[in-house]
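The values are calculated or read from the model by the stated rules, or taken from the named source; none is laboratory data. Just so it is clear, the structure is predicted and the values come from calculations on it, not from any experiment. Neighbour counts run over all protein chains shown; Cβ positions are idealised from the backbone, glycine included. Surface areas here come from the heavy atoms of the whole protein model, side chains and all, with no ligands, DNA or RNA. Shrake-Rupley method; radii C 1.70, N 1.55, O 1.52, S 1.80 Å.
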Amino acid sequence: MQNLRKKFPVLNQCIYANTAATGLLYEDLMEWRQEHDLDYLIGGSDMKMKSFDVMLGVKETVGKFFHCKQENIALVPSFTLGLNMVLDGLQGEKNVLLLREDYPSLNWPFETRDFKVEYIDINERLEDRIYEKVKTGTIDVLALSLIQWVNGIKIDLNFLKKLKKEFQDLLILADGTQFCGTQEFDFQDSGIDILVTSTYKWLLSGYGNGFVLVKDEAKPHFNFKSIGYGSADWDVDKKTDISFCKHLEPGHLDSLNFGSLQFSLNFLANIGMEHITAQLEKLSAKAKIGFRSLGLLEERVVNRNQHSTIFNIKGDRELFEKLEQGNVICALRGNGIRLSFHFYNTENEIDAIMDMLKP
């Protein structure tokens, strides 16, 4: 991992603890993007017309990385746009279970449509509370972020798998934006029916790209109205023969943005997700022990067995500015300060942050 740090110049200037806001650009991707735009500069429309064919390769890479059939993948510009298109096609009156304090771009699209919405609070018994609510038989859709954006609480994926097995009619929709890129993930073997994500955070792919993964069993719940020339692969004769996921791709897909996604997935695969996960688990354990010893973590985080590398510590703007002066890049979120660590961070950096936090 130390050698990989050289590919991220920002790390020479600061302790970057803000991947939960934005993943870093690295030299390899920058060079690929420069070559892409040079080809565009020289090739003009010729280059762009050929680049449309690249999208099939992008889907193939996404499918291999996340274990999803290529025809069940839609490429979308962002999580938010993808989710809104998905929900516009969700049929019937649905009772939806959301988590209070979850990411606004997940909850708001449900709240502004004609769904009956119920909430549960996020605490150390999160999975038990979800199960108790679903067991009542009143919930049709469970929608949640796999990792919470403010405090990093991570849902137990094995729990979701068991939940889906017991309640097969329950539609489970997940936001993977703070999750994808943190561990190996087999979508087909998971309990999730639909996963929507942006990829500019832990997948290091830059802005303007994301994707939707869908299980075949979820498709009968939807009747999409969104459509465009892109849905028919630019063939007017295919207007009445549009596949499920192509309804979510009504227009042009940018070869720079989605090529960046493909490049970064290959970059992470070459590192090895098992190595990335091992590093993140090490950083998470060290940070949790350190922040807990200083009394900076919420009880609902302390009392859970597993956690991500996103932490929200108790602190005000004065402490935030102290961290900034110490060249720590982080964010004010919720009632505290959010620190988030990726594989390019080190245990020494966490030690340095601990020293700044000590009274």
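For PHE79, indicate whether it is surrounded by 18 or more Cβ atoms within 10 Å (Cβ to Cβ) and either under 30 Å from ARG5 (Cα atoms) or among the β-branched types (Val, Ile, Thr) (or both). Yes.
Taking region 225-261 only, how many residues are in a loop (DSSP other than H, G, I, E, B), among the aliphatic types (A, V, I, L, M) and closer than 17 Å to GLY57 by Cβ? Result for region 225-261: 1.
For region 216-258, how many residues meet the condition of being basic (Lys, Arg), closer than 25 Å to GLN188 by Cα and out of contact with any Phe, Trp or Tyr (no Cβ under 8 Å at 6 or more places or on another chain)? Qualifying residue count, region 216-258: 1.
For region 315-337, filtered to residues that are outside any helix (DSSP H, G or I) and open to solvent by 80 Å² or more (accessible area, probe 1.4 Å), the residue that is farthest from LEU357 (Cα to Cα) is ASN335. For region 306-350, enumerate the residues that are of a type in the set (Gly, Ala, Ser) and touching a helix residue (DSSP H, G or I) at 6+ places or on another chain (Cβ under 7 Å). Matches in region 306-350: SER308, GLY326. Can we say LEU25 is assigned to a helix (DSSP H, G or I) and either under 30 Å from LEU332 (Cβ atoms) or free of Cβ contacts under 8 Å to residues at least 24 places away in the same chain (or both)? So LEU25 fails the test.
Is there a residue in region 228-235 that is at pLDDT 95 or above and open to solvent by less than 10 Å² (accessible area, probe 1.4 Å)? No, there is no match, as no residue in region 228-235 is at pLDDT 95 or above and open to solvent by less than 10 Å² (accessible area, probe 1.4 Å).
In region 96-121, what residues are open to solvent by 40 Å² or more (accessible area, probe 1.4 Å) and either touching a Ser or Thr at 6+ places or on another chain (Cβ under 7 Å) or on the phi > 0 side of the Ramachandran plot (or both)? Matches in region 96-121: GLU101, TYR103. The set of residues from region 7-45 being more than 17 Å from LEU261 (Cα to Cα) and open to solvent by 70 Å² or more (accessible area, probe 1.4 Å) comprises ASN12, GLN13, LEU38, ASP39, TYR40, LEU41, ILE42, SER45. Please determine whether any residue of region 206-224 is in a loop (DSSP other than H, G, I, E, B), open to solvent by less than 50 Å² (accessible area, probe 1.4 Å) and of a type in the set (A, V, I, L, M). No, region 206-224 contains no residue that is in a loop (DSSP other than H, G, I, E, B), open to solvent by less than 50 Å² (accessible area, probe 1.4 Å) and of a type in the set (A, V, I, L, M). Given GLN183, GLN168, GLN178, which one is open to solvent by 10 Å² or more (accessible area, probe 1.4 Å), out of contact with any His (no Cβ under 9 Å at 6 or more places or on another chain), free of Cβ contacts under 8 Å to residues at least 12 places away in the same chain and of a type outside the set (Phe, Trp, Tyr)? Within the list GLN183, GLN168, GLN178, the selection yields GLN168. Looking at the structure I just gave you, is ILE350 among the β-branched types (Val, Ile, Thr), closer than 22 Å to CYS14 by Cβ, modelled with pLDDT of 95 or more and assigned to a helix (DSSP H, G or I)? Criteria met by ILE350. Filtering region 31-62 to residues that are in a helix (DSSP H, G or I) and touching an Asp or Glu at 6+ places or on another chain (Cβ under 9 Å) leaves MET47, SER51, MET55, LYS59.
The residues of region 284-302 that are outside any loop (DSSP other than H, G, I, E, B) and of a type outside the set (D, E, K, R), listed by number, are SER284, ALA285, ALA287, ILE289, GLY290, PHE291, SER293, VAL301, VAL302. Residue count for region 303-314, restricted to those that are in a loop (DSSP other than H, G, I, E, B) and buried (at least 20 other Cβ atoms within 10 Å of the Cβ): 3.
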